[in-house]
Each structure stands twice: as C-alpha cells, then as structure tokens.
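Student: Take this structure, written in structure tokens, and hold onto it; I'll ask about it next.
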Amino acid sequence: MYLHLGQDTVVPEASVIGIFDLDKTTGSHITRRFLGNAEKMGRVVNVSDELPKSFIICSDEEDHRDSRRPGPVRGGKAGEGGNMKVYLSQLSPQTLSKRSGATWMQRGQQRPGDERDYSYDG
C-alpha cells in the first residue's frame with residue numbers, strides 16, 4: 001500500500017517511520033536540530049507550497065527491510081540516519097493517519113508483519 005502525502009507525492013506505507021505534527025513537535029530544540037540537520041543534508045522534501053502542518057519520516061524501502069532499526073536511529077547527528085527522507089506536508093497528521101488506516105499506530109502496537117525490535121536498550 002501507498003500513502004498519499006499531498007500534491008503528487010506518494011510513499012510506500014512500509015517505509016513510514018513516523019508522522020508528526022509540526023506545531024506540537026517543533027517546540028523542542030531536539031526536533032528543530034533534527035529537521036535542520038536533515039535539511040542541510042538535502043533530505044527534506046517539501047510536498048506543497050502551502051504552510052506545512054506535518055512532517056513524515058520515511059526510510060529507503062530496501063534499508064527499511066534489512067535493518068532492525070530505521071535510519072534515523074543509527075547514530076551520528078540528529079537527521080543523519082541511513083537513507084531516510086523527511087517530507088513536509090500541508091496535510092494534518094490526523095488526515096495522514098486516517099489515509100494510511102494506521103489503527104496500529106493509535107494503539108501503540110507494531111505494524112502487522114513487522115518483526116523488528118524497537119525497544120530502547122541504551
């Protein structure tokens with residue numbers, strides 16, 4: 001399945017690491033640093049000319065299948081992980097979640113068929 005992020009942009013649902021509300025998350029200096037580093041590295045894609053409401057972190061599909069942890073968690077500076085991309089979308093996180101049918105996200109469970117370990121051990 002694919003998730004439509006707005007305009008002409010779609011991504012494989014399996015590559016979506018997270019969907020975040022820009023208003024609620026950019027108050028944190030950690031999020032601002034992450035987005036700044038991702039932009040410096042050319043990993044930010046603005047889906048629309050409109051004011052963005054959300055950002056979506058996606059991993060490269062091949063990287064997503066072969067890794068126990070998605071790109072951004074691998075170490076280094078925030079925003080430097082793997083082959084990830086950050087999409088800025090004019091759509092709200094709630095709309096994107098509904099489009100993806102992501103009821104597993106709302107319950108805090110793993111996605112169906114995802115056997116990776118996301119526990120933090122460190």
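Student: Give the range 25-36 a look and list any residue that's out of contact with any strand residue (DSSP E or B) (no Cβ under 7 Å at 6 or more places or on another chain) and buried (at least 19 other Cβ atoms within 10 Å of the Cβ), or say none.
Tutor: Filtering the range 25-36 for residues out of contact with any strand residue (DSSP E or B) (no Cβ under 7 Å at 6 or more places or on another chain) gives 25-34, 36.
Result: Phe34, single match.
Student: Would you be able to tell me the number of residues in the range 19-51 that are within 12 Å of the chain's Cα centre (by Cα) and not in a helix (DSSP H, G or I)?
Tutor: Summing the residues that are within 12 Å of the chain's Cα centre (by Cα) and not in a helix (DSSP H, G or I) in the range 19-51 gives 6.
Student: Among the residues of the range 3-24, count how many are within 15 Å of Ser97 (Cβ to Cβ) and either touching a helix residue (DSSP H, G or I) at 6+ places or on another chain (Cβ under 8 Å) or surrounded by fewer than 17 Cβ atoms within 10 Å (Cβ to Cβ) (or both).
Tutor: Of the residues in that region, 11 qualify.
Student: Quick check, is Arg69 modelled with pLDDT under 95 and not in a loop (DSSP other than H, G, I, E, B)?
Tutor: On the way: modelled with pLDDT under 95: yes; not in a loop (DSSP other than H, G, I, E, B): no.
For Arg69, the condition - modelled with pLDDT under 95 and not in a loop (DSSP other than H, G, I, E, B) - is not met.
Student: Look at Glu50 and say whether it is touching a strand residue (DSSP E or B) at 6+ places or on another chain (Cβ under 9 Å), at pLDDT below 55 and surrounded by fewer than 16 Cβ atoms within 10 Å (Cβ to Cβ).
Tutor: Working: touching a strand residue (DSSP E or B) at 6+ places or on another chain (Cβ under 9 Å): yes; at pLDDT below 55: no; surrounded by fewer than 16 Cβ atoms within 10 Å (Cβ to Cβ): yes.
No, not satisfied.
Student: Step by step: first the residues of the range 37-47, then only those that are farther than 20 Å from Ser97 by Cα and of a type outside the set (A, V, I, L, M), then the one that is surrounded by the most Cβ atoms within 10 Å (Cβ to Cβ). Which residue is that?
Tutor: Arg43
The values are calculated or read from the model by the stated rules, or taken from the named source; none is laboratory data. Source: prediction; values computed, not measured. Here Cβ is always computed from backbone atoms with ideal geometry, including for glycine, and neighbour counts include all displayed protein chains.
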